[in-house]
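A quick write-up on the structure given underneath.
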């Protein structure tokens, strides 16, 4: 299965995918470090937050999720590649392999997008001493634990926070990528299909803000601009989206041979 997923990733991706991955892993760290002297940072947690908020990552999260695999895969639908290959391989098995490759690639990339800045902020940067942190009267460790949602994990050590938040990013990346993947089978225009997750997140986010419950917006993947909430709160919109994606996947699986895009 691992070999199949790897082959799917390699066959569908391009040099543009590799360039995008490198940009996602490197640019936030470089940008965050470059602007760090314009902020009053009190410790690695503040620095890590600055990196993750840089370059509008929270805003364009859904776009990045669908750009990694869904965008290249959409060309296979538009040029009827899958239609031509269905005589050589079972179409359902092919779609499952591609869906797994999509989710796996996106999870790994977004996990690293969260984890590499953590390693830089907590391990590497202190060794170089590039940033001078401000002092404060309060206990820095206690202040960091109360900073944002997920920073409660710092009570179990920085690695729990870094790994936990990185896994959270990976899961959301895989979920949004899966939604974008499935929308290609429902919306004929592939550009519209890939834009729906981004538009929906922003529209629902606006509605949730008006209703004064922004913590339940699906776009609160990186909840750095909100007060701290219990860790279970972000999983509410995540569970709703996951349920919708599961229902759509079940429909596609049961109606594969009747979908217009695969005819």
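Sort out for me the helices (runs of 4 or more DSSP H) sitting completely within the stretch 1-107 that have 1 or more residues that are at pLDDT 90 or above and under 29 Å from residue 215 (Cα atoms). Let's see the steps before the verdict.
On the way: elements: 2-12, 15-35, 44-53, 57-68, 70-78, 81-85.
Because the criterion is at least 1 residues that are at pLDDT 90 or above and under 29 Å from residue 215 (Cα atoms), the helices (runs of 4 or more DSSP H) in the stretch 1-107 that meet it are 15-35, 44-53, 57-68, 70-78.
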request  = Would you check which residues across the stretch 231-249 are in a loop (DSSP other than H, G, I, E, B) and either closer than 16 Å to residue 56 by Cα or touching a residue at least 12 places away in the same chain (Cβ under 8 Å) (or both) and list them?
outcome  = 231, 233, 234
query = Which ones in the stretch 209-228 are outside any helix (DSSP H, G or I) and surrounded by fewer than 16 Cβ atoms within 10 Å (Cβ to Cβ)?
reply = 211, 212, 213, 226, 227
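So that you can scan it fast, the table gives a plain yes or no per residue for (1) surrounded by 19 or more Cβ atoms within 10 Å (Cβ to Cβ); (2) without any contact (Cβ under 8 Å) to a residue 24 or more places away in the chain; (3) not in a helix (DSSP H, G or I):
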position: 122; (1), (2), (3): no, no, no
position: 173; (1), (2), (3): yes, no, no
position: 179; (1), (2), (3): yes, no, no
position: 196; (1), (2), (3): no, yes, no
position: 199; (1), (2), (3): no, yes, no
position: 207; (1), (2), (3): no, yes, no
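If the requirement is being surrounded by 12 or more Cβ atoms within 10 Å (Cβ to Cβ) and at pLDDT 90 or above, which of these qualifies: 250, 184?
Details: 250 fails: surrounded by 12 or more Cβ atoms within 10 Å (Cβ to Cβ).
Only one candidate passes the filter, namely 184.
The values are calculated or read from the model by the stated rules, or taken from the named source; none is laboratory data. These numbers were taken from a predicted model, which means no experiment stands behind them. Neighbour counts run over all protein chains shown; Cβ positions are idealised from the backbone, glycine included.
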